[in-house]
Structure formats: structure tokens, C-alpha cells
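Report on the following structure.
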Amino acid sequence: MPDWLAIALVDPVLRWAVYVTAALAVVTLLTMGQVLVLAELGGRRLVRRRGFDADWRPRLAEATLYERAPPPWPAPSAQQRLWFLLLWSRTQRQLRGEAHGRLNRLLQAYALDRFALELLRRRGIHLRLLALAVLRELADPVHWDVVARFLRHDNPFLALAAAEVLVTIDAARAMRDVLPVVVARQDWTPQRIAALCQLAGRAAVSPPLLDALRSAPVAAQRRIAPLTQWAGPAVLAGWARDVLDRPQESADPGLRQAALQVVGSLRDDADRPRLSQALADADAGVRLAALKALGKQAALKDLDQLLALLPDPDWAVRQEAADAIAAQPGFDRAAVERIADTVADRYGRDALRRAIAERHP
């Protein structure tokens, strides 16, 4: 034994220091060994995964062209089932029509649809999301009740994935269940909700959205008001006109903007008084929405109203009014420039000249 170690073992403090140092060295060596083992196992797993994809990618491509029952290839092993579902889901997202149906039947021939249902009972969120991705491609009504249970799940991603599955199965029925959930929870992003409505289609979105706009609290109405662009204007016409007919001080600006978008899509001359009233609204967003609605049916008789908005304090309103003037039917560059020369407001004149440069180069 070295002299320094013998001396250290005699002193209690140094002895404990030696023990701690030795323990740390052992832990470090074990950690390094574990890292090396995991890296080796991960590398081998990656090689097996690439080999699996190389084998099954052409098989799936062949299965989309024609169907053979039973499938000529052995079913994936228990360790390969997750790999198969991932590859199958990625392939299905690129397919439509009969090719999509053939891959669905291939999955069912291997009983992997039942495996996907088993994954929904696992605790891992990633496994449940994979299962829902598979069920979305299958779009089988028999899975409705199983998937609907996740619609109000605490995890927003899981709940949204469940909503997409339900919309794929039956859009009209799904939106009747999904929109009340949209009203109740605030952890779904507007972009994802809009994508969900776009997936469902106008016919499915319009009736439940109208019910929600009429019955939900004002804060919830404000949150779902942008969804009106994914609904049928004719269905929402009554609601939109009711909102615009309310006194300005009692109507939420966000709701008025959504209502103006609906009215603008209708292009009904009977709504012109409502648009004219909104052009004088105290909220710049409402004035801008009214201008855009009027622009869809603007005529020369609206020129005075458009000119009156060129001195507006809001840049977007000024520019929208200038664009509407420059886009008037029958106006050439010279005509619009003559109008610009008569505009006294400097910023309004600049906005109109910018519109001339863009529309009449």
C-alpha cells in the first residue's frame, strides 16, 4: 500500500475523502459504461429500423396498386408493430381514394387496428397520439365512442387529435360535439381550431357555430367569432345583422368585425346602411372590416364615403380606402390621379398615390 494511502486511512477525515473519491470514480465508470451500452443499443436499433423501412416501404407501395388477400408478406413482429404504424401513417397521409382504402385493409388484415386501440389505453401520450393518427386514417364509425372519450382530455394535443379523428369519421356530428368544447376550453390555438373547421367544411360548421354564437358568453363569442370565415354566410346572416343593428356601445368590436365579414360575403344591397354606419365606428378594426365588406360591392356611388376615410387616423383604414378608390370600375390612372390632387389630407393623398402605383403601374 502506498505511504500516502496508509496515512490517509489513519486520519478519519482523509479516510472518508478517499472513500468518497473512490465511490465517485466507480459511479463515473458505471455511467460511462451505461452511456456506451445505450449508444451501442441505439445504433443497432437504428440499423434495424432502417432495414425495416427499406423492406416495408416498397411493400406498402405495392399494396396501394393492387390488393391480395391474405397479404403475401408476414405480419410485423411484436417489436416492429410501432415501426409499421409510423410508416403506414406517413404513407397514408399522401394517399387518397382506392389506394388509401387498400392500405386500410392491409392494416386490418394484420389486426393492427386492434393494436392501435390497445395503444389508446397506454399511459404514454406519444403512443396515444400515434393510435389516434391511425384511427384518423381508418375513419371507421365503430371507433367513435372510444375516440370521443378523449375530446375533453386534459392534454390539449390529445384532445385536438381526437377531434380530428371524429371530424374525419363524421364531420357534421363531430362539429356538434367539438364546438361546445371549443367554447369551454382555452388551450386550443386559433390556428388549430381554424384547421379543424376547414377540415370539417362549411356545411358541418355552420349550424353548431350559429348556436354557439347565440348562446355562449360574450368572451367565448369573441374567441370563436373568427371562425365565421369557415361557415356559410347565408346561415349566419341573421346573427350578423342582429349584431350590426345593436347600438355600438353595447356590441363587442370583435363580434362586429366578424359580422361585417359575413355581411360582406352576402353582397346584399339591403346591408349597405349597416356598412355605412360601421364606416363611422369608433373602432379602427370595425371601420377596416366595413371597408373590406364594402369593397366587395363598391360602386361609384360609394366614392364620397371612401374619400371621407382617406384622412382616417389609422394607416390600414386609409390604405384600404385608397385601394378601393383605385379599384373602382372604369377608373384609369389619370382619373385616380385627378382625384388624388383634390385630397387635402397629406397622409390620405400619399395612400392614394401608393394605391395608384400598385394598381395602375
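Please give the helices (runs of 4 or more DSSP H) falling wholly within the stretch 58-132 in which 2 or more residues are out of contact with any strand residue (DSSP E or B) (no Cβ under 9 Å at 6 or more places or on another chain) and over 21 Å from Thr168 (Cβ atoms). Steps first, answer last, please.
Values: elements: 81-92, 97-109, 112-119.
Per the criteria, 81-92.
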>> With the requirement that a residue be crowded, with 17+ Cβ neighbours inside 10 Å, among the small types (Gly, Ala, Ser) and more than 21 Å from the chain's Cα centre (by Cα), what does the stretch 215-234 give you?
In response: Ala216
> Condition test on Leu5, is it surrounded by 13 or more Cβ atoms within 10 Å (Cβ to Cβ) and at pLDDT below 75?
Replying inline: no
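Going through Pro226, Pro273 one at a time, which residue ends up being out of contact with any helix residue (DSSP H, G or I) (no Cβ under 8 Å at 6 or more places or on another chain), within 30 Å of Leu306 (Cα to Cα) and in a helix (DSSP H, G or I)? Walk me through it before giving the result.
On the way: Pro226 fails: out of contact with any helix residue (DSSP H, G or I) (no Cβ under 8 Å at 6 or more places or on another chain).
Exactly one residue qualifies, and that residue is Pro273.
Look at Asp312 and say whether it is charged (D, E, K, R), part of a loop (DSSP other than H, G, I, E, B) and out of contact with any Phe, Trp or Tyr (no Cβ under 8 Å at 6 or more places or on another chain). So that I can check it myself, show each step before the final result.
Working: charged (D, E, K, R): yes; part of a loop (DSSP other than H, G, I, E, B): yes; out of contact with any Phe, Trp or Tyr (no Cβ under 8 Å at 6 or more places or on another chain): yes.
Spelling it out, Asp312 is indeed charged (D, E, K, R), part of a loop (DSSP other than H, G, I, E, B) and out of contact with any Phe, Trp or Tyr (no Cβ under 8 Å at 6 or more places or on another chain).
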> Of the residues Leu132, Leu120, Leu179, which is open to solvent by less than 20 Å² (accessible area, probe 1.4 Å), farther than 26 Å from Asp211 by Cβ and modelled with pLDDT under 95?
Replying inline: Leu120
> Which residue out of Ala200, Ala212, Ala194, Ala240 is at pLDDT 90 or above, touching an Asp or Glu at 6+ places or on another chain (Cβ under 9 Å), among the aliphatic types (A, V, I, L, M) and surrounded by 14 or more Cβ atoms within 10 Å (Cβ to Cβ)?
Replying inline: Ala240
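Evaluate the following for Asp350: is it of a type in the set (Asp, Glu) and either touching a residue at least 12 places away in the same chain (Cβ under 8 Å) or in contact with a Cys (Cβ under 9 Å, 6 or more places away or on another chain) (or both)? Please lay out each step first, then the result.
On the way: of a type in the set (Asp, Glu): yes; either touching a residue at least 12 places away in the same chain (Cβ under 8 Å) or in contact with a Cys (Cβ under 9 Å, 6 or more places away or on another chain) (or both): no.
No, not satisfied.
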> Which is surrounded by fewer than 18 Cβ atoms within 10 Å (Cβ to Cβ) and modelled with pLDDT under 90, of Pro247, Pro207?
Replying inline: Pro247
> Arg185: under 23 Å from Val218 (Cβ atoms) and touching a Lys or Arg at 6+ places or on another chain (Cβ under 9 Å), yes or no?
Replying inline: yes
> Residues of the stretch 320-359 being open to solvent by less than 80 Å² (accessible area, probe 1.4 Å) and among the acidic types (Asp, Glu), which ones?
Replying inline: Glu320, Asp323, Glu337, Asp345, Asp350
>> Please go through the stretch 235-270 and give me each residue that is hydroxyl-bearing (Ser, Thr, Tyr) and either within 25 Å of the chain's Cα centre (by Cα) or outside any helix (DSSP H, G or I) (or both), ordered by number.
In response: Ser265
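The values are calculated or read from the model by the stated rules, or taken from the named source; none is laboratory data. It should be emphasised that the depicted structure is a prediction, and the values quoted were computed from it without experimental measurement. Ideal geometry is used to build each Cβ from the backbone, glycine not excepted, and the neighbour counts take in all protein chains shown. Protein only, heavy atoms only, side chains kept; ligands, DNA and RNA dropped before computing areas. Shrake-Rupley method; radii C 1.70, N 1.55, O 1.52, S 1.80 Å.
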